[in-house]
1. Where in the range 144-181 are there trypsin sites (Lys or Arg not before Pro) that are in a DSSP coil and have at most 16 other Cβ atoms within 10 angstrom of their Cβ?
2. My understanding is that a pair violates if its Cα-Cα distance is over 30 Å; which of K102/K154; K56/K262; K53/K259; K134/K154; K247/K289; K104/K154 do that in this structure?
3. Out of R200, R133, R72, any idea which swings most in a Gaussian network model of the chain, alpha carbons joined below 10 Å?
4. To test your reading of the geometry: what angle, between 0 and 90 degrees and rounded to tens, separates the Cα axis of helix 222-235 from the longest principal axis of the chain?
5. Among W27, W244, W8, which comes first, second and so on when ranked by fewest other beta-carbon atoms within 10 Å?
6. Using only Cα atoms and rounding to the nearest 10 degrees, what angle (0 to 90) does helix 66-86 make with the longest principal axis of the chain?
7. Please list the equivalent ellipsoid semi-axes of the chain, computed as the square roots of five times the alpha-carbon gyration tensor eigenvalues, in descending order and whole angstrom.
8. Nearest 500 deg cm²/dmol is fine: what mean residue ellipticity at 222 nm does the chain get from its DSSP H runs of n ≥ 4 alone, each adding -39,500 (n - 2.57), divided by its residue count?
Amino acid sequence: MNHETEYWRNEVVAFLALSAIKGVGYWTLYRLASPEQGFKEFLKNSPISVLEKELKVTLLLDGETAEDWQNRIWEAGLNLARNLSQKSVRLYFRAQPEFPVKLKEIEDGPRWLFVQGRVGNLHNRSIAVVGTRKPSQDGEFLTRYVLALLAGSKRTVVSGLAFGIDQVAHEQSLRFGLPTVAVLGNGIFLDYPRGSQEIRARILENGGTVITEYLPNQTYSGENFVRRNRIQAALSEVVVPVEWKIKSGTAHTVEYAYKYRKKIVNVFLPGTQHARAELQFSERLRGAKSFELPRQTPELAALFELSFSEPTGNDDEPEQQSFDI
């Protein structure tokens, strides 16, 4: 094991050890993440009094010494790391080459990422296909149509694994042999949405990827899903919100896409444009382009082709580091 590999192995264990401390959660670790001081250095070299002040928790059990505590918490980190390894989950930090460049480029990007499956998908040219959890028949049809249009392109399709449009996008990606990335709004050990394990397994079996920035057992929340949406937008060249409301989770993805200067593409069926308030809203205020399908299929296909042909410098897949826990 070379020095760099050993360094990152220790960072993973230290991060997980800190996450195992009762009362220490995502935002505490987010605050501690720093290029100047690694998690291992903070954990191993800080006196207990400093750790308790920074973490805002009581650390020592009755009769426990600082050395006992260090050994106990490090073992907890090792056990969690082994647990992740058994499920083929890896943890990457922003400074590692495996961490997606597109997520490093946004100012509010994640500080770390749990990755299950093929890490190279996170460096590919991608399209996000997202939408409501309760789609109409039109919404489901349009999702299938957009994915069929991408068939044969090998472009990576990003979505959020939620019921409705997201799961249709993942299903159709699998049908057409397109790599797909599911971005979770909860920890990677959770079965959420409940019953999604089967499609998650098929995504992984077919060369796809499941990712999250949340701690392994962290539950979902409205805030988590809003922040999850920025990752979907940032990973993609184009965001297609197939069917959505102006005030909805998908609207946050549209907002992030606008903030990150991504192309926003609406699709609609003949005669339905005036009933879709989100089309006019996103065209007027967010620079979206709307396409009537199937009539404007050639124009939509041309936009996809142009978006994926523009140079980004992110197409080289990094070599995935491997180490034993």
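Here, each number is a calculation from the coordinates, and none is a lab measurement. Quick caveat: nothing in here was measured; it's all calculated off a predicted structure. No Cβ is skipped: glycine too gets one built from the backbone with ideal geometry, and neighbour counts run over all protein chains shown.
1. Details: sites: R144, K154, R155, R175; in loops: K154, R155.
Listed in order of number, the matching sites are K154.
2. K56/K262; K53/K259
3. R72
4. Around 70 degrees separate the two axes.
5. W27, W8, W244
6. 30 degrees
7. They are 40, 19, 17 Å, listed largest first.
8. Helix contribution divided over all residues of the chain: -13500 deg cm²/dmol.
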